[in-house]
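One structure coming up, written as structure tokens, with questions to follow.
The values are calculated or read from the model by the stated rules, or taken from the named source; none is laboratory data. Note that the coordinates shown come from a computational prediction; the quantities given were computed from them, not determined experimentally. Don't worry about glycine lacking a Cβ; one is built from the backbone with ideal geometry, like all the others, and counts go over all protein chains shown. Areas reflect the complete protein model, heavy atoms only, side chains present, ligands, DNA and RNA absent. Shrake-Rupley method; radii C 1.70, N 1.55, O 1.52, S 1.80 Å.
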Amino acid sequence: MEIIILKNAKVGSEVGGKIIADLIEEKPNAVLGLATGSTPLMLYTEMIKSHKEKGLDFSKVTTFNLDEYIGLEKNHYASYFRFMNENLFSQINIPLENINIPDGMAKNVKLHCQEYEAAIVKAGGIDLQVLGIGSDGHLGFNEPTSSLASRTRIKTLDEQTREDNKRFFKNSEEVPYHCITMGIGTVMDARTNLLFAFGENKATAVQQMVEGPVSAMCPGSVLQMHPNAIVILDEAAASKLSKIDYYKWVYKNKPEWQIY
Ligand code: GLP
């Protein structure tokens, strides 16, 4: 795992935006895995900026989102489809047919999940997966104790996650109980995983993910087994890491050609 600790979320998102822009310039038909939540919002702003100001071309890019709530129509105000459209897709030149988000209204959820996995394979696999982390260590909606080999499937949300996410809904009763999420095995298949965590409420999850044992109790910890996982943190999210000075030292002393 490469741990990059930066001054704040803005600088972290700028570095992340550059990693993604470099990938798309090198591989115009890159396949991106995308995430929702508050964390990637500034990253998406950076991607939009690269498109509008530097002409970064998304016309051949394909995307797969990590997850979606079950029971929400695409145009529901809290659906991840709507979130992605508002915060990214409507502001870049990605063709609609290149966008993949699990369908929360799928009649046959099991079949839909199998088809989602098959579509990722057909697209050539995910080049770079954007990730956030839940305060309980979840990736996508893979709650603690999810199988570390899991694939896209239905999951029941943890009470804590429903509580954390109720800010996106009019009231807590509206928060769905179920979702479709890529599995941890699906995430592990991405060629690069780029995880962002900002703020003090992520510090414990980040410490367990980076320095704790690899355990289904903290799904994020599986990234210790990934050959190319980059973790971008602000000072607050990094505050509980015991080897914080070491991570900063490594980043400071990276050969120039390796710096993002
Ligand atoms: C949500 C999403 C995750 C996200 C996490 C953190 O439940 N399903 O993909 O990483 O929770 O969200 P936030 O960035 O808002 O803290």
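What shape does region 14-115 have by the C-alpha gyration tensor, where a ≥ b ≥ c are the square roots of the eigenvalues, rounded means a/c under 1.5, and otherwise prolate means a/b greater than b/c and oblate the rest? Please list the in-between numbers first.
On the way: a/c = 2.24, a/b = 1.70, b/c = 1.32.
Prolate is the answer for region 14-115, as a/c is 1.5 or above and a/b outweighs b/c.
Return the lysines within reach of K54: Cα separation strictly under 18 angstrom, same-chain partners fewer than 8 residues apart disregarded; answer none if there are no such residues.
Once the sequence-local lysines are set aside, what remains near K54 is K18, K27.
Tell me, in nm to one decimal, what length is gained between Y77 and Y260 on full extension, where the rule is 0.36 nm per residue of separation less the Cα-Cα distance? Intermediate results must be reported in sequence, preceding the final value.
Numbers: separation 183, 0.36 × 183 = 65.88 nm, distance 3.55 nm.
So the extension gain works out to 62.3 nm.
Over the chain, calculate the relative contact order: mean separation of alpha carbon pairs under 8 Å at least 6 apart, over the residue count, as a percent. Display every interim value, and only then the final one.
Values: 516 pairs, mean separation 64.5, N = 260.
Relative CO of the chain lands at 25 percent.
Once you order the gyration tensor axes a ≥ b ≥ c over the Cα atoms, which shape class does region 76-118 get: rounded for a/c under 1.5, otherwise prolate or oblate by comparing a/b with b/c?
Values: a/c = 3.63, a/b = 1.59, b/c = 2.28.
Taking the square roots of the gyration eigenvalues as a ≥ b ≥ c, region 76-118 is oblate.
Using the Cα atoms of region 127-245 to build a convex hull, what is its mean projected area in square nanometres? Display every interim value, and only then the final one.
On the way: hull surface 28.9 nm².
Projected area, direction-averaged: 7.2 nm².
By the gyration tensor of its Cα atoms, with a ≥ b ≥ c the square roots of the eigenvalues, what is the shape of region 1-63: rounded for a/c under 1.5, prolate for a/b over b/c, or oblate?
Prolate, since a/c reaches 1.5 and a/b exceeds b/c.
Now for a separate question. Can you give the FRET efficiency for E159 and K110, using 1/(1 + (r/R0)^6), R0 = 25 Å, r = Cβ-Cβ distance, to the nearest 0.05? All intermediate terms of the calculation are to be shown ahead of the outcome.
Working: r = 25 Å, r/R0 = 1.00.
Calculated transfer efficiency: 0.50.
Separate question: Between K60 and Y251, what FRET efficiency comes out of the Förster formula 1/(1 + (r/R0)^6) with R0 = 35 Å and r the beta carbon distance, rounded to 0.05? Numbers along the way, then the final one.
Details: r = 32 Å, r/R0 = 0.91.
Once the sixth-power term is evaluated, E becomes 0.65.
If you scale each eigenvalue of the Cα gyration tensor by 5 and take the root, what three semi-axes come out for region 201-250, rounded to whole angstrom and sorted largest first?
Here the semi-axes work out to 17, 13, 9 Å.
Quick one: compute a quarter of the convex hull surface over the Cα atoms of region 107-176 and quote it in nm². Working shown, then result.
Values: hull surface 24.2 nm².
Averaged projected hull area, Cα only: 6.0 nm².
What is region 58-183's relative contact order, in percent, from Cα pairs under 8 angstrom and six or more apart in sequence?
Once divided by the residue count of region 58-183, the mean separation gives 30 percent.
When we measure straight from the Cα of K74, which lysines land under 28 angstrom away, once same-chain ones fewer than 8 places off are left out?
Here the lysines satisfying the reach criterion relative to K74 are K49, K52, K60, K107, K110, K122, K155, K166, K170.
Using only the alpha carbons of the chain, determine the length spanned along each of the three principal axes and report them from longest to shortest in whole angstroms.
That gives 52, 41, 33 Å along the principal axes, largest extent first.
Mind listing the long-range amide H neighbours of E2? Cut-off is under 5 Å, sequence gap 5 or more, other chains count too, H placed in the peptide plane at 1.01 Å from N.
Amide H to amide H, under 5 Å and 5 or more residues apart or across chains, E2 pairs with A229, I230, V231.
Something else: What is the extension gain from V121 to S90, computed as 0.36 nm multiplied by their sequence separation minus the C-alpha to C-alpha distance, in nm to one decimal?
Extra length from V121 to S90 when fully extended: 8.6 nm.
Given a 1.4 Å probe and heavy atoms of the protein chains only, how would you sort E73, E211, largest accessible area at the top? Please report the intermediate quantities before stating the final value.
Working: E73 105, E211 50 Å².
So the residues, ranked largest to smallest area, are E73, E211.
Heavy atoms only, 1.4 Å probe, whole protein assembly: order D22, D245, D234 by accessible area, highest first. Before the final figure, lay out each step's value.
Values: D22 65, D245 120, D234 20 Å².
Accessible-area ranking of D22, D245, D234, largest first: D245, D22, D234.
Could I ask something else about it? Amide H neighbours of G71 under 5 Å, counting only residues 5+ apart in sequence or on other chains, H built in-plane at 1.01 Å?
Correct list: M105.
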